[in-house]
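The structure appears right after this line, and notes come after that.
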Amino acid sequence: DRTLADPQVFDVERGARIRLRIINGATATAFTVDLGTLRGMLVAVDGQPVSPVSGRQFPLSMGQRIDVRLTLPVASRAFPILFLREGAT
């Protein structure tokens with residue numbers, strides 16, 4: 001239930017290449033992962049490699065895990081990543 005007014009912040013190197021592992025621990029809520037201005041590459045679902053899929057938004061079902069590879073820009077700034085509950089505004 002965090003918002004842009006109360007973000008959780010992680011420091012990473014400029015231009016870093018990271019693997020973002022996202023786990024939906026909810027039992028009755030689906031989410032959309034929104035990378036904002038970043039473009040990611042979905043590389044695994046539930047621990048199994050998949051043909052890479054490029055995008056800025058990825059759906060996430062209950063109990064599902066996805067791995068998204070990101071290459072961050074060299075610009076020194078914050079890049080918000082939002083998790084939107086299905087049916088929420």
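The values are calculated or read from the model by the stated rules, or taken from the named source; none is laboratory data. Note that the structure is a prediction, hence the values are computed from the model and not measured. All Cβ positions, even for glycine, are placed from backbone atoms using ideal geometry, and neighbour counts span all protein chains on display. Just so you know, the surface numbers come from the protein's heavy atoms only, side chains and all, with ligands and any DNA or RNA stripped out. Shrake-Rupley method; radii C 1.70, N 1.55, O 1.52, S 1.80 Å.
Structure notes:
- Failed item in (1) under 16 Å from residue 83 (Cα atoms); (2) open to solvent by 50 Å² or more (accessible area, probe 1.4 Å); (3) touching a strand residue (DSSP E or B) at 6+ places or on another chain (Cβ under 6 Å), with residue 52 passing the rest: (1)
- Scan region 48-89 for residues that are polar (S, T, N, Q), within 15 Å of the chain's Cα centre (by Cα) and under 24 Å from residue 5 (Cα atoms) and the total you get is 1.
- Beta carbons closer than 7 Å, at least 6 apart along the sequence or on distinct chains, pair a first residue in region 34-50 that is under 13 Å from residue 19 (Cα atoms) with a second that is buried (at least 16 other Cβ atoms within 10 Å of the Cβ) and among the aromatic types (Phe, Trp, Tyr) for 42/58.
- Residues in region 55-80 that are open to solvent by less than 80 Å² (accessible area, probe 1.4 Å) and of a type in the set (Ser, Thr, Tyr): 61 alone.
- Residue in region 24-47 that is in contact with an Asp or Glu (Cβ under 7 Å, 6 or more places away or on another chain), farther than 16 Å from residue 2 by Cβ and of a type in the set (Val, Ile, Thr) present: yes
- In a residue-by-residue description of region 47-67, the property of being within 25 Å of residue 89 (Cα to Cα), in a loop (DSSP other than H, G, I, E, B) and among the aliphatic types (A, V, I, L, M) applies to at least one position.
- Residues (basic (Lys, Arg), modelled with pLDDT under 95 and under 22 Å from residue 16 (Cα atoms)) located in region 51-89: 77
- Considering residues of region 14-41 that are part of a strand (DSSP E or B) and aliphatic (A, V, I, L, M) only, the residue surrounded by the most Cβ atoms within 10 Å (Cβ to Cβ): 33
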